[in-house]
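**Student:** After the structure tokens below, expect a handful of questions from me.
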Amino acid sequence: MTTIAFIGLGHMGNPMAANLVKAGHKVLGYDLITENLTAAEGNGVTIAASAQAAVADADVVITMLPAGKHVLSVYEAIARGAKHGALFIDSSTIDVDSARKAHAIAKDHGLLSIDAPVSGGIGGAAAGTLTFMVGGSDEAFAKAEPVLKPMAGRIVHCGEAGNGQAAKICNNMILGISMIGVGEAFTLAEKLGLSHKALFDVASTSSGQCWSLTTYCPVPGPVPTSPANNGYKPGFAAALMLKDLKLSQEAALSVGAATPLGAHAEALYAQYGAAGNEGSDFSGIINFLRDAKREA
Ligand code: NAD
């Protein structure tokens, strides 16, 4: 049994903490929102009065917070009071620069650290099947692996500090671009009189095959479990896709990488969200594409 502090018990943090409790760990939780604390308590998490109180006796500290500024302010507040040699795991999706600053804060206080963002969404968090993309030293990774296991379907060590976040934003840039590509293909097919089923049957076994088509098909029918069959209820909300695309473009700018399709995908998701779809699943962008006017 490991004593784990879990800070940030929202949509993702709560089910992740619940899986750690089920695996037999002692989990001390903290969040700013009372109802999230109540839900966590119902899952067997011991509620702490503050982030500092949660970490005082913890061997491992996990953060699952909205953005880089939240992670850095929490790290600044708790690193001094943590047990010497404790392992800090940040599973939030944040910018690479903030992730590397968080590692530096941990190092300055004699702590081990990894960045370990996830994919798999709320469903994967509940089922304990998240993919963890890990950046950090071999020593920190070896210590983290057994702790992550009850929450994970797959754990990939991507290299040094910040590389987990780098993998996450590169993966989600592919996803954002490919979903638009699949949406455009179905939109064109509709106008050409080609059925959804015919396009799916061809492309899903041809060179157009990809996850956005075969697992998360943006039109109802071909993949019964995709959000298109459920009114585009998330799933993975368009606002989160836009967040990840923005992070990819900030990173591309900071290192001088040309990502023209990533930039275009960000602009399209910004328009889709601004039209009142932030809370819809990101695959609903097909409806926005279908309604768009072709520029001559
Ligand atoms: P959320 O908003 O539901 O949860 C974040 C929690 O952090 C909130 O409960 C908030 O009160 C808490 N918090 C903020 N500042 C705090 C502080 N100083 N101290 C303590 N608690 C604090 O968000 P979420 O959907 O759980 O996402 C968390 C992270 O996971 C984000 O970085 C997101 O991008 C990433 N992520 C989300 C999904 C998803 O499908 N929701 C999928 C993959 C990755």
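The values are calculated or read from the model by the stated rules, or taken from the named source; none is laboratory data. Everything quoted here is computed from the prediction, not taken from an experiment. Cβ atoms come from the backbone with ideal geometry, glycine included; neighbour counts cover every protein chain shown. The accessibility values were calculated without ligands, DNA or RNA, using every heavy atom of the protein model including side chains. Shrake-Rupley method; radii C 1.70, N 1.55, O 1.52, S 1.80 Å.
Listed here are the residues, each with its yes/no results for (1) assigned to a loop (DSSP other than H, G, I, E, B); (2) surrounded by 21 or more Cβ atoms within 10 Å (Cβ to Cβ); (3) at pLDDT 95 or above.
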| site | (1), (2), (3) |
| --- | --- |
| 208 | yes, no, yes |
| 213 | no, yes, yes |
| 224 | yes, no, yes |
| 229 | no, no, yes |
| 243 | no, no, yes |
| 270 | no, no, yes |
| 287 | no, no, yes |
| 293 | yes, no, no |
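**Student:** Select from the stretch 64-103 the residues that are touching a residue at least 40 places away in the same chain (Cβ under 8 Å) and more than 13 Å from the ligand (Cβ to nearest atom) and write down the one among them that is nearest to the chain's Cα centre (by Cα).
**Tutor:** 96
**Student:** Looking only at residues in the stretch 1-21 that are open to solvent by less than 10 Å² (accessible area, probe 1.4 Å) and not aliphatic (A, V, I, L, M), which one is farthest from residue 146 (Cα to Cα)?
**Tutor:** Among those residues, the one meeting the criterion is 8.
**Student:** Any residue in the stretch 162-176 that is at pLDDT below 95 sitting within a Cβ distance under 7 Å of a residue that is open to solvent by 10 Å² or more (accessible area, probe 1.4 Å)? List the pairs, counting only those 6 or more apart or interchain.
**Tutor:** Listed pairs, sorted by first residue: none to list.
**Student:** Among (1) within 11 Å of the ligand (Cβ to nearest atom); (2) open to solvent by less than 20 Å² (accessible area, probe 1.4 Å), there is one condition residue 37 misses while meeting the rest; what is its number?
**Tutor:** Going through the list (1) within 11 Å of the ligand (Cβ to nearest atom); (2) open to solvent by less than 20 Å² (accessible area, probe 1.4 Å), residue 37 breaks only (2).
**Student:** While we're looking at this one, here's another question. Output the residue which, of all residues in the stretch 1-31 that are among the β-branched types (Val, Ile, Thr) and free of Cβ contacts under 8 Å to residues at least 40 places away in the same chain, is nearest to the ligand (Cβ to nearest atom).
**Tutor:** Here the answer is 27.
**Student:** Still on this structure: Please indicate, with yes or no, whether at least one residue in the stretch 96-109 is farther than 30 Å from residue 281 by Cβ and outside any helix (DSSP H, G or I).
**Tutor:** Yes, the stretch 96-109 contains a residue that is farther than 30 Å from residue 281 by Cβ and outside any helix (DSSP H, G or I).
**Student:** Does the stretch 245-268 include one or more residues that are over 22 Å from the mean Cα position of the chain (by Cα), of a type in the set (A, V, I, L, M), at pLDDT 95 or above and outside any helix (DSSP H, G or I)?
**Tutor:** Yes.
**Student:** For residue 122, indicate whether it is more than 10 Å from the ligand (Cβ to nearest atom) and either open to solvent by 10 Å² or more (accessible area, probe 1.4 Å) or not in a loop (DSSP other than H, G, I, E, B) (or both).
**Tutor:** So residue 122 does not fit the description; no.
**Student:** Now for a separate question. Evaluate the stretch 100-118: report whether one residue or more is open to solvent by 50 Å² or more (accessible area, probe 1.4 Å) and farther than 26 Å from residue 81 by Cβ.
**Tutor:** There is no residue in the stretch 100-118 that is open to solvent by 50 Å² or more (accessible area, probe 1.4 Å) and farther than 26 Å from residue 81 by Cβ.
**Student:** While we're here: When you scan the stretch 127-142, do you find a residue that is among the aromatic types (Phe, Trp, Tyr), closer than 30 Å to residue 80 by Cβ and either within 16 Å of the ligand (Cβ to nearest atom) or outside any helix (DSSP H, G or I) (or both), even just one?
**Tutor:** Checking the stretch 127-142: at least one residue is among the aromatic types (Phe, Trp, Tyr), closer than 30 Å to residue 80 by Cβ and either within 16 Å of the ligand (Cβ to nearest atom) or outside any helix (DSSP H, G or I) (or both).
**Student:** Follow-up. Can you tell me which residues in the stretch 9-65 are touching a Ser or Thr at 6+ places or on another chain (Cβ under 9 Å) and of a type in the set (Ser, Thr, Tyr)?
**Tutor:** Matches in the stretch 9-65: 30, 63.
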